[in-house]
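Q: One structure, pasted below without further comment.
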Amino acid sequence: MTLIKSISGIRGTIGGRAGDTLNPLDIVKFTSAYATLVRRMAKNDSNKIVVGRDARISGPMVKNVVCGTLMGMGFDVVNIGLASTPTTEVAVTMEGAAGGIIITASHNPRQWNALKLLNEKGEFLNAAEGNEVLRLAAAEDFEYADVDQLGSYREENYDQRHIDMVLGLDLVDVEAIRRADFSVAFDSVNSVGGIILPKLLEQLGVKRVTPLFGEPTGDFQHNPEPLEKNLSDIKALMQRGGHDIGFVVDPDVDRLALFCEDGTMYGEEYTLVTVADYILQHTPGNTVSNLSSTRALRDVTRRFGQQYNAAAVGEVNVVAKMKETNAVIGGEGNGGVIYPAAHYGRDALVGIALILTYLAKTGLTASQLRATYPPYFIAKNRIDLTPETDVDAILQKVKALYASEEVNDIDGVKIDFPDKWVHLRKSNTEPIIRVYSEAATMQAADELGKQIMDVVYAMTK
């Protein structure tokens, strides 16, 4: 059983003892701490907090505890029910709320759940704010409302308002998509994508849609992380022909992976690259991704004479760098597209609408479009941690060992070689060191990652 407390929120497995897992007592504590912080920040006059959740089996339990706690803290709860992460983010600003809580463990398996915490802009808390939530929770430094100051509760649905926002984007061309007469498949892994994606696709003018795992039961029929090894069903469907493109989302619909018409995986790293290519043709400007994302975005950005910048891993860090550099598009190589013209959050709906528009306007197949980008391959490995592992010491030793190369240490250690790179960092969501490496072939990328892993293992002996 696991409970991970970080500046990104609280995440854990369901069941077990208090303090060891995500359970009602800890949910109350962290929700109370968050509400206390929101009250103290007081960046607007709102007394509302939006709550949305994915379709996990534990969702109703967690939602009831969260909503009751917020009311006990004196906040008016706007429960938008089964909703994607970007829908919840959008709802915060549309409601003029003081903040929001998203109940989702994103790509983690079914036994996990989490609280993701938003500010009044519908964006994730920054590091200082996240640390303050942890401090308040540890100290139990909060006070509940008296009987006359308890918060209210109401339910809303924001799916259509989110879709309307996407359809209203200047670079989304519904008529072009309708004329293209696409046949689309999607895999929503038994979560909220199965509710909102059919509505989006219909309103984009897509008449032929094949859903896989569209029932939002929360009983995920495969590992929910949108990696090729987990996606054999949609791969087989696409290989049988008859579909122009396949979309895959994670349980909270902030990550987007693609399959080509021939059943080959487009590559989740290239979701952002493709969207950026389309955006930059119409809106010159800078781009941002995190340190663990493909070099292809840098290459495409420079092709348009614009500047690419790298941020530390984590959506809040990417958003901060995008604002700092006035980026017109950004995101993460895990399929996360952040388009400021919509909002500052990863949004698979935005990605789907822009990619369908781009395909419609170019007349290319998905595989033909993919072939226009620099071919890079990323190997994703991991080093499992033990209680005795001193991660910081390991990373310092790696940095010193490769001091003659270009090294970036704003988030773990990234070593840039002329034709490849490797990035080591401690995960914010799991007790592991992630080892990502990129090269011109998958074999070369994996060999680089394994080489660095062997160096780390030697250091821990």
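The values are calculated or read from the model by the stated rules, or taken from the named source; none is laboratory data. All figures in this text were calculated on a predicted structure; none of them were measured in a lab. Cβ: placed from backbone, ideal geometry, glycine included. Neighbour counts: every protein chain shown.
Q: Could you name every one of the helices (runs of 4 or more DSSP H) located completely within segment 130-204 that has at least 3 residues being touching a residue at least 40 places away in the same chain (Cβ under 8 Å), surrounded by 20 or more Cβ atoms within 10 Å (Cβ to Cβ) and touching a Lys or Arg at 6+ places or on another chain (Cβ under 6 Å)?
A: Numbers: elements: 159-167, 174-180, 193-203.
Here the list is empty.
Q: Checking residue 319 against (1) in a helix (DSSP H, G or I); (2) more than 13 Å from the chain's Cα centre (by Cα), only one condition comes out false. Which one?
A: (2)
Q: Can you find even one residue in segment 270-283 that is at pLDDT below 95 and more than 16 Å from the chain's Cα centre (by Cα)?
A: Checking segment 270-283: not a single residue is at pLDDT below 95 and more than 16 Å from the chain's Cα centre (by Cα).
Q: Another question, then. Would you please list the contacts, defined by Cβ atoms under 9 Å and residues six or more apart or on different chains, that run from a residue in segment 94-105 that is surrounded by fewer than 24 Cβ atoms within 10 Å (Cβ to Cβ) to a residue that is of a type in the set (Ser, Thr, Tyr)?
A: Taking only residues 6 or more apart or on different chains, the pairs are 94/158; 95/46; 95/158; 96/46.
Q: Exactly one condition in (1) more than 18 Å from residue 316 (Cβ to Cβ); (2) at pLDDT 95 or above; (3) of a type in the set (D, E, K, R) is false for residue 120; which is it?
A: The failed condition is (1).
Q: Still on this structure: Residue 171 fails exactly one of the following numbered conditions: (1) farther than 28 Å from residue 207 by Cα; (2) assigned by TED's automatic domain parsing to the domain that holds residue 209. What is the number of that condition?
A: Going through the list (1) farther than 28 Å from residue 207 by Cα; (2) assigned by TED's automatic domain parsing to the domain that holds residue 209, residue 171 breaks only (1).
Q: Additional query: Inside segment 62-77, can you point out the residues that are more than 17 Å from residue 145 (Cα to Cα) and surrounded by 24 or more Cβ atoms within 10 Å (Cβ to Cβ)?
A: 62
Q: Sort through 89, 120 and tell me the only one that's part of a helix (DSSP H, G or I), closer than 30 Å to residue 341 by Cβ and not aliphatic (A, V, I, L, M).
A: Values: 120 fails: part of a helix (DSSP H, G or I).
Exactly one of 89, 120 is part of a helix (DSSP H, G or I), closer than 30 Å to residue 341 by Cβ and not aliphatic (A, V, I, L, M), namely 89.
Q: Name, by its number, the condition in (1) out of contact with any helix residue (DSSP H, G or I) (no Cβ under 6 Å at 6 or more places or on another chain); (2) surrounded by 12 or more Cβ atoms within 10 Å (Cβ to Cβ) that does not hold for residue 356.
A: Only one criterion is unmet by residue 356, namely (1).
Q: For residue 74, state whether it is modelled with pLDDT of 95 or more and in a strand (DSSP E or B).
A: No.
Q: Restricting the first residue to segment 35-61 and requiring it to be surrounded by fewer than 18 Cβ atoms within 10 Å (Cβ to Cβ), which pairs with a second residue that is part of a strand (DSSP E or B) meet a Cβ separation below 7 Å and a spacing of at least six or different chains?
A: That search, which allows pairs on different chains as well, returns 47/76.
Q: May I pose another question? Determine if segment 425-435 includes at least one residue that is at pLDDT 95 or above and farther than 18 Å from residue 293 by Cβ.
A: Scanning segment 425-435, I find no residue that is at pLDDT 95 or above and farther than 18 Å from residue 293 by Cβ, so the answer is no.
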